[in-house]
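The values are calculated or read from the model by the stated rules, or taken from the named source; none is laboratory data. Quick caveat: nothing in here was measured; it's all calculated off a predicted structure. Quick reminder, even Gly has a Cβ in these numbers, built from the backbone with ideal geometry, and neighbours come from all protein chains shown. Quick note on the areas: whole protein, heavy atoms, side chains included, nothing else; ligands and nucleic acids left out. Shrake-Rupley method; radii C 1.70, N 1.55, O 1.52, S 1.80 Å.
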Amino acid sequence: MASVALICTANRCRSVMAHAIFVAEARKRSLAVEIYSAGVFDFSDQPPLVETSITCLQHDTPPPKEAPTWVGHLPLDSINRFLVMEQDHADVLTSEYGISSSRISLLGTFDPQRRGAEIADPFSHGSLVYENSYKLIRDCIIGYLDNR
């Protein structure tokens, strides 16, 4: 089965939204894919963010889990594709975990509107920024799935 990991800084905003959206889009397309999300920093002892959960639920894409996941807890060798929010995330995957750059893509590069390769963190910027981030991530995931 194909697998994809959606990676951000803490697995509390962007990758959580991306996970929820990817699950919904894969289901719509009847795709068999294992979906993970994680952060490059370990925030697994932190609660989920209310803003992220509310944003996902407003779009009928429930957030995937209760606690943030750290990338070190993923089955890294079995994941086919890593979609990251920032170049720094890709750099951590290659330098600290030995993930080949051929398995990593910046999610923003799949945006049909070409708003930029990196997706900014909405953390602590209010509901409008979360909403805009959600829509951008959704567009990028649809672009990725439409062109794979």
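What the table below lists for this structure:
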{"item": "Within the stretch 96-134, considering residues that are loosely packed, with under 15 Cβ neighbours inside 10 Å, more than 23 Å from residue 74 (Cα to Cα) and not polar (S, T, N, Q), the one modelled with the lowest pLDDT", "result": "126"}
{"item": "Enumeration of residues in the stretch 22-77 that are acidic (Asp, Glu) and not in a strand (DSSP E or B)", "result": "25, 42, 45, 51, 60, 66, 77"}
{"item": "Scope the stretch 58-95; condition under 18 Å from residue 144 (Cα atoms), touching a Leu at 6+ places or on another chain (Cβ under 9 Å) and surrounded by fewer than 19 Cβ atoms within 10 Å (Cβ to Cβ); matching residues", "result": "87"}
{"item": "Selection from the stretch 30-52 of residues that are touching a residue at least 60 places away in the same chain (Cβ under 8 Å) and open to solvent by 80 Å² or more (accessible area, probe 1.4 Å)", "result": "51"}
{"item": "Candidate set: the stretch 1-12, residues that are more than 9 Å from residue 35 (Cα to Cα) and open to solvent by less than 10 Å² (accessible area, probe 1.4 Å); chosen: the one modelled with the lowest pLDDT", "result": "11"}
{"item": "Among the candidates 50, 40, 16, 4, residue that is of a type in the set (Val, Ile, Thr) and within 20 Å of residue 147 (Cα to Cα)", "result": "4"}
{"item": "Residues within the stretch 110-145 that are part of a helix (DSSP H, G or I) and either closer than 15 Å to residue 12 by Cβ or free of Cβ contacts under 8 Å to residues at least 12 places away in the same chain (or both), tallied", "result": "8"}
{"item": "Residue check, residue 88 acidic (Asp, Glu) and in contact with an Asp or Glu (Cβ under 6 Å, 6 or more places away or on another chain)", "result": "no"}
